[in-house]
Amino acid sequence: MSSSRSDSTFSQQLDLLIAALDQLDTAFAIVPRGTDRRSDADWAAKVLLTRRSAKGGWVITRDLSGAPNVPGWGISISYARDWLAVAVSAHRAVGIDIEADRLIPCSDWPTHLMTRAEIALLRREPALFLTVWTLKEALSKEAGTGLMVDGAMFDTAPFAAAPPFALSQRRHGGLACHWRLRLKDQLHHLAISLGPG
């Protein structure tokens with residue numbers, strides 16, 4: 001497949017995902033990270049919030065773990081080297097995670113945070129590790145717990161095995177999605193999850 005054809009397919013899939021998320025009152029952005037990552041993240045979140053609602057004057061507070069909060073909105077932020085990803089969703093929890101592509105040896109997998117299904121999937125397809133990991137991070141952020149609780153409670157195997165850009169229905173409600181994209185010269189893995197609406 002030619003590069004221009006694959007770029008066109010990627011662009012079409014991304015446009016469809018953005019349109020589907022828009023119907024769910026959800027948006028995300030990936031922006032370069034400056035020197036003050038919290039200010040950069042708050043700025044990006046406020047831009048997304050303003051695009052979703054004419055209210056304006058957004059004040060973002062933080063809980064004890066540093067997670068952002070705006071009443072009536074789900075907000076999630078993730079950082080990867082020179083980039084930050086932000087997601088906002090009206091009236092539902094949201095989680096986002098971005099990771100720079102890199103090889104993670106099997107011996108370095110945090111299996112204590114993984115389900116049996118995830119481990120089985122990764123034994124068959126080790127290249128899916130960062131897909132599983134970004135989904136797990138997004139789900140744990142959406143739940144408001146991070147991975148400080150039992151990470152195995154977030155089983156990502158069904159979503160990691162789904163095609164990129166597919167908004168997968170979760171058993172107890174909500175959606176999860178993953179994809180990869182090139183930012184500058186490096187491939188990145190991205191995942192987003194939405195709580196039940």
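Just a few scattered comments:
- Looking across the stretch 67-109, just one residue is aromatic (Phe, Trp, Tyr) and free of Cβ contacts under 8 Å to residues at least 24 places away in the same chain, and that is Trp109.
- Some residue of the stretch 101-113 being in contact with a His (Cβ under 7 Å, 6 or more places away or on another chain) and of a type outside the set (A, V, I, L, M): yes
- Helices (runs of 4 or more DSSP H) enclosed by the stretch 64-169 - at least 3 residues per element that are within 13 Å of the chain's Cα centre (by Cα) and at pLDDT 95 or above: 129-143
- Of all residues in the stretch 31-63, those that are under 19 Å from the mean Cα position of the chain (by Cα) and surrounded by 12 or more Cβ atoms within 10 Å (Cβ to Cβ) total 15.
- Scoring Phe28 on the criteria (1) touching a Phe, Trp or Tyr at 6+ places or on another chain (Cβ under 9 Å); (2) surrounded by 18 or more Cβ atoms within 10 Å (Cβ to Cβ); (3) part of a strand (DSSP E or B) leaves a single failure, condition (1).
- Per-region count, the stretch 53-91, residues in contact with a helix residue (DSSP H, G or I) (Cβ under 9 Å, 6 or more places away or on another chain) and either of a type in the set (Ser, Thr, Tyr) or on the phi > 0 side of the Ramachandran plot (or both): 7
The values are calculated or read from the model by the stated rules, or taken from the named source; none is laboratory data. All figures in this text were calculated on a predicted structure; none of them were measured in a lab. Virtual Cβ from ideal backbone geometry, glycine too; neighbours counted across all protein chains shown.
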